[in-house]
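Following: one structure in structure tokens, then a few remarks.
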Amino acid sequence: MEFPEMSIFEIQNMTSQALDYSYYSEEPGGEEPCNLDPNPMEIIAQTYIHSIICALGLIGNTLVIITYIRYKKSKTMTDVYLYNVAVADLIFVVALPFLIYNEQHGWLMGSVACKMLRSAYSINLYSGMLLLACVSGDRYVAIVQARKSFGARPRTLLYSRLICSAVWAFAVALTVPTLLYSERSEDPQATCQLSFKETGTAKLMKVAVPSLQMAIGFLLPLLVMMFCYTSIVCTLLRARSSQRHKAIRVVMAVVAVFVVCHLPYNATLLNHTLSLFKVRTCASEKIRLRVLAVSKSVAYFHCCLNPVLYAFVGVKFRTHFQQIILDLWCFSKKHTSTARSSRATSDTCISGRVSSDGSNNMRSFSA
């Protein structure tokens, strides 16, 4: 069985923000329609994988947000960017279970929830990737342009907040098509999908939405990161520091994880977009959608790795996070110990706090 060029019925049944597609095409010979639904084992595997992503992403990004709010009193530009990255990732992992469940069992919510959840996913996709590019740019200025940027620090927090506001506004603007055209449809079952009344608009959006995602959500951040981190590595190689090898390894890990997580999905998405208006066999379309689903799950996993790569690897952040653990331990001991042991616990907590504060001057590449 082959898929002909797109009809208006096929175009109107675009799902998953124009990234996942379901075609029900039948040949003149009267063969059965091509069933592109995933098999039960694939659904179970995706459910477990997405559950792990949600759990790890929720824990990691929540800890990052709490740490920055509670203990990072003297923030830098990178701190502001990483806080916003954590917010974007947290909103994404909160929305992800609703999206996955409704995709697998039919959309049980209304049109308003359809628009809100699809838009939340799109906004945080763009904002998260662009903010990671901002992080690499700030590190480039701090390390490669260190002398020029020295003395400008008192103004950078204001600049970083303005840049973050601009990134969020830009992400919202890119999400307008998703917000306008996402609708709850009942044919053949309840789904949340992009729906159009005009064929020309449908064809345009079917190509424009994934193209924007690849260009703004992957290629632009990748180019910025490659330029900035290549310059940083060259600068570190010329520096005489015992920490430079560790810093270079961190840089390589950041770039490698970004490429490994997002390149397969965007390459598959590009191939899928280019094939939308060509004749396709049922078997090839099944394989293409399966690869797209697997690579998309790998891309989702990046939100779990961001806290480790960008926050916990920094000495200062780890110090503040250890202070959170110490405070929780002290709080529990305060209410469970006797008066004598409470005094000992109090001394331990004070000692730990002094040690934590005294190590604030320690810095690493991730600071």
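The values are calculated or read from the model by the stated rules, or taken from the named source; none is laboratory data. A quick note: this is a predicted structure, and the numbers were derived from the prediction, not measured. So basically every Cβ, Gly included, is an ideal-geometry build from the backbone, and we count neighbours across all protein chains shown.
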task: Scan the range 271-284 for residues that are buried (at least 16 other Cβ atoms within 10 Å of the Cβ) and either over 27 Å from the mean Cα position of the chain (by Cα) or at pLDDT 80 or above (or both) and report the count.
output: 2
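Do the conditions hold for Thr273, that is, is it within 30 Å of Asp79 (Cβ to Cβ), of a type in the set (S, T, N, Q) and touching a helix residue (DSSP H, G or I) at 6+ places or on another chain (Cβ under 9 Å)? Before the answer, list the steps.
Values: within 30 Å of Asp79 (Cβ to Cβ): no; of a type in the set (S, T, N, Q): yes; touching a helix residue (DSSP H, G or I) at 6+ places or on another chain (Cβ under 9 Å): yes.
Here the answer is no, as Thr273 does not meet what is asked.
Being assigned to a loop (DSSP other than H, G, I, E, B) and of a type outside the set (S, T, N, Q) is the filter; apply it to the range 191-243 and report the residue that is modelled with the lowest pLDDT.
Residues of the range 191-243 that are assigned to a loop (DSSP other than H, G, I, E, B), as a first pass: 195-198, 239-243.
If we keep only those that are of a type outside the set (S, T, N, Q) as well, we get 196-198, 239-240.
Numbers: Phe196: 73, Lys197: 76, Glu198: 76, Ala239: 76, Arg240: 70.
Top of the filtered list is Arg240.
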field: Enumeration of residues in the range 304-336 that are modelled with pLDDT of 75 or more and small (Gly, Ala, Ser)
entry: none
field: Leading residue by the ranking (surrounded by the most Cβ atoms within 10 Å (Cβ to Cβ)) among those in the range 169-185 that are under 23 Å from Thr199 (Cα atoms) and of a type outside the set (A, V, I, L, M)
entry: Thr175
- request: Might you check whether a residue that is closer than 30 Å to Arg184 by Cα, without any contact (Cβ under 8 Å) to a residue 12 or more places away in the chain and not β-branched (Val, Ile, Thr) occurs anywhere in the range 109-120?
  value: yes
- prompt: Name the pairs whose Cβ atoms lie under 6 Å apart, with the first residue in the range 281-306 and within 19 Å of Phe92 (Cα to Cα) and without any contact (Cβ under 8 Å) to a residue 60 or more places away in the chain, the second of a type in the set (Val, Ile, Thr) and surrounded by fewer than 18 Cβ atoms within 10 Å (Cβ to Cβ), and 6 or more positions between them or separate chains?
  reply: Leu305/Val257
query: Among the residues of the range 92-140, which ones are of a type in the set (Lys, Arg) and either under 10 Å from the mean Cα position of the chain (by Cα) or surrounded by 20 or more Cβ atoms within 10 Å (Cβ to Cβ) (or both)?
result: Arg118, Arg139
field: Residue list for the range 154-210, filter: among the hydroxyl-bearing types (Ser, Thr, Tyr) and within 16 Å of Ile123 (Cα to Cα)
entry: Ser165, Thr175, Thr178, Tyr181, Ser182
task: Would you confirm whether any residue within the range 74-82 is loosely packed, with under 14 Cβ neighbours inside 10 Å, at pLDDT 50 or above and at negative phi?
output: yes
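Does Val112 qualify as being closer than 22 Å to Phe321 by Cα, assigned to a helix (DSSP H, G or I) and either out of contact with any Phe, Trp or Tyr (no Cβ under 8 Å at 6 or more places or on another chain) or among the aliphatic types (A, V, I, L, M) (or both)? Walk me through it before giving the result.
Numbers: closer than 22 Å to Phe321 by Cα: no; assigned to a helix (DSSP H, G or I): yes; either out of contact with any Phe, Trp or Tyr (no Cβ under 8 Å at 6 or more places or on another chain) or among the aliphatic types (A, V, I, L, M) (or both): yes.
The answer is no for Val112.
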